[in-house]
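There's a structure below that I have some questions on.
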Amino acid sequence: MKQTILLIDDDEAMRRSTEQALELAGYDVHSFATAEEALTTAGPSLNGVIVTDIRMPGMDGMTLLERIRDLDPDLPVILVTGHADVSLAVTAMRRGAYDFIEKPFSVQALGSVLRRALDHRALVIENRRLRAAAGQRDDLEARLPGRSAAMIDLRRLIRTLGPSETDILITGPTGSGKEVTARALHDLSPRAARPFVAINCAALPAALIESELFGHEAGAFPGAMRPRYGRFEHARGGTILLDEIGSMPLDLQAKLLRVLQERVITRLGSNDPVALDVRFIATSKADLAAAVAQGSFRADLFYRLNVATLRLPALSDRREDVPVLFLHLLREAAARHGVEDRLPDPDLLALLSARDWPGNVRELRNAADRLVLGLDWAEGETTPSPRLADRVALYERSVIAGTIAAHGGHLRRVYEQLGISRKTLYEKMVKHGLDRRLLSEPGEDDD
């Protein structure tokens, strides 16, 4: 497959001379005067490398790097920099740039960097092809971002359970990412190329629930003029997501238990069993063990589903993830709405971390959308902790975490902005259990 170089430079003379030199060296070059133009070509399908100047009007090279990282973090970006921008280029490399080359440069020097970058990209493309052939993708960091221990452990379990055939129960509060987790499990399984059928158990019409799931034969009930496959049969070979399974009526729970155990269904109006090759994933925001105790959920079905359980934490239980997660959601929102990225100030990130977020990631995503669109990001304030000491400690932790995230892990900038000494910052980070590596890309050394 032919590889391509996207060259971006607003200096026409520099751009054309570099393009001609690279073409004479045998490279396929597409040149652009602006980063915005290049973004229409860049993406996960690009088999090539991006070479961009840092300082340009409009979208500069650093902003382009961030956009490319959102589109495809494995797409190599090589920065062309003047002498005064070398430290900026080094910072960009820590944030994901592949390499940088300083002006003035020779074609031989640029060619050496390009060959390494193109070889790297070729390996990425080949690995993706092989994973796709095996029915697997692994982009969990982007789907379920967060560096808290809970999220690291969750991604580890997804990678372990995804390729298995085990039925799985996913629990967690509203908006915590249960369906995203279910889709990730499906995409990591050998069934990835087959259907993923999501069924909202709370929204199934009571009068037609069995026909909707199991299908029916012609004449099975008034109005059934012809046979119809049910949702279960539509998922043959793939995965069925039973969303909010705790809402399923008790009589249907008994029939679902038989399907889970025997992997067969019987359409309404028929006596012939139909083999069902599917994997089941169920989600619930309610405590199913409590529902069993109350008699609203079958104990045998609960124990059948509870072989492997993934528990998603509430956002309030992983506040250290809020600053970086919000920055990630801001970049997504900016790309989705076609506007420039916005970098919130540390005070806002601290305030976000201090909120409870009852709607979890879904609510935080809405806040990111509102901020990008220039609207008030908050729909209302959460109730603060009643104890002053708790409120002060939480606020201090949030301010420090937000400032670390805002400065990309550069601790010197953090303690200078906060007006404290390096020793005091380190002591407070230890006190509050903060690790800059878990909040951002590693920053510059502070010595």
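The values are calculated or read from the model by the stated rules, or taken from the named source; none is laboratory data. Being a predicted model, the structure only gives us computed values, none of them experimental. Cβ placement follows ideal geometry from the backbone for every residue including glycine, while neighbour counts extend to all protein chains displayed.
Are there any pairs with C-beta distances below 9 angstrom linking a residue in region 31-42 that is outside the structural domain of Asp53 (by TED's automatic domain parsing) to a residue that is modelled with pLDDT of 85 or more and in a helix (DSSP H, G or I), with the two at least 6 apart or on different chains, and if so which?
none
Any idea which of (1) more than 22 Å from the chain's Cα centre (by Cα); (2) at pLDDT below 85; (3) not basic (Lys, Arg) is the one Val339 doesn't satisfy?
(1)
A further question on this structure: Suppose we filter region 340-367 for residues that are over 20 Å from Thr181 (Cβ atoms), in a helix (DSSP H, G or I) and not charged (D, E, K, R); how many remain? Spell out the reasoning first.
First, the residues of region 340-367 that are over 20 Å from Thr181 (Cβ atoms): 340-356, 367.
Okay, now just the ones that are also in a helix (DSSP H, G or I), so 346-354, 367.
Remaining after also requiring not charged (D, E, K, R): 346, 348-354, 367.
The number of residues fulfilling the criteria is 9.
Mind counting the residues in region 22-37 that are over 32 Å from the mean Cα position of the chain (by Cα), farther than 11 Å from Ile5 by Cα and crowded, with 18+ Cβ neighbours inside 10 Å?
The qualifying residues number 0.
Run Leu257 past the list (1) in contact with a strand residue (DSSP E or B) (Cβ under 9 Å, 6 or more places away or on another chain); (2) surrounded by 15 or more Cβ atoms within 10 Å (Cβ to Cβ) and report the number of the one that doesn't hold.
All conditions pass for Leu257, except number (1).
Now for a different question. Go through region 196-207 and count every residue that is within 23 Å of Ala286 (Cα to Cα) and assigned to a helix (DSSP H, G or I).
Adding up the residues that qualify gives 4.
Does Ala193 meet the test of being at negative phi, not acidic (Asp, Glu) and not in a strand (DSSP E or B)? Don't jump to the end; show me each part of the working.
Numbers: at negative phi: yes; not acidic (Asp, Glu): yes; not in a strand (DSSP E or B): yes.
When the stated conditions are applied, Ala193 passes them.
Specify which of the listed residues (Phe196, Phe221) is surrounded by 17 or more Cβ atoms within 10 Å (Cβ to Cβ), without any contact (Cβ under 8 Å) to a residue 60 or more places away in the chain, touching a Gly at 6+ places or on another chain (Cβ under 9 Å) and outside the structural domain of Trp357 (by TED's automatic domain parsing). Lay out the reasoning, then the answer.
On the way: Phe221 fails: surrounded by 17 or more Cβ atoms within 10 Å (Cβ to Cβ).
That would be Phe196, the only listed residue that is surrounded by 17 or more Cβ atoms within 10 Å (Cβ to Cβ), without any contact (Cβ under 8 Å) to a residue 60 or more places away in the chain, touching a Gly at 6+ places or on another chain (Cβ under 9 Å) and outside the structural domain of Trp357 (by TED's automatic domain parsing).
Scan region 251-269 and tell me whether some residue there is of a type outside the set (Phe, Trp, Tyr) and within 19 Å of the chain's Cα centre (by Cα).
Step one: filter region 251-269 for residues of a type outside the set (Phe, Trp, Tyr), giving 251-269.
Those left that are additionally within 19 Å of the chain's Cα centre (by Cα): none.
No - not one qualifying residue is present in region 251-269.
Right, here's the next one. Looking only at region 156-188, filter to residues that are modelled with pLDDT of 90 or more, assigned to a helix (DSSP H, G or I) and charged (D, E, K, R); which one of those is surrounded by the most Cβ atoms within 10 Å (Cβ to Cβ)?
Lys178
Looking only at residues that are in a helix (DSSP H, G or I) and crowded, with 17+ Cβ neighbours inside 10 Å in region 232-246, which one is farthest from the chain's Cα centre (by Cα)?
Initial filter on region 232-246 (in a helix (DSSP H, G or I)): 232-234, 245-246.
Then keep just the ones that are crowded, with 17+ Cβ neighbours inside 10 Å; that gives 232-233, 245-246.
Details: Phe232: 28, Glu233: 30, Ile245: 25, Gly246: 27 Å.
Per the stated criteria, the residue is Glu233.
Do we have Val274 as over 27 Å from Ser189 (Cα atoms), in contact with a Lys or Arg (Cβ under 8 Å, 6 or more places away or on another chain) and assigned by TED's automatic domain parsing to the domain that holds Val180 here?
Details: over 27 Å from Ser189 (Cα atoms): no; in contact with a Lys or Arg (Cβ under 8 Å, 6 or more places away or on another chain): yes; assigned by TED's automatic domain parsing to the domain that holds Val180: yes.
In short, no.
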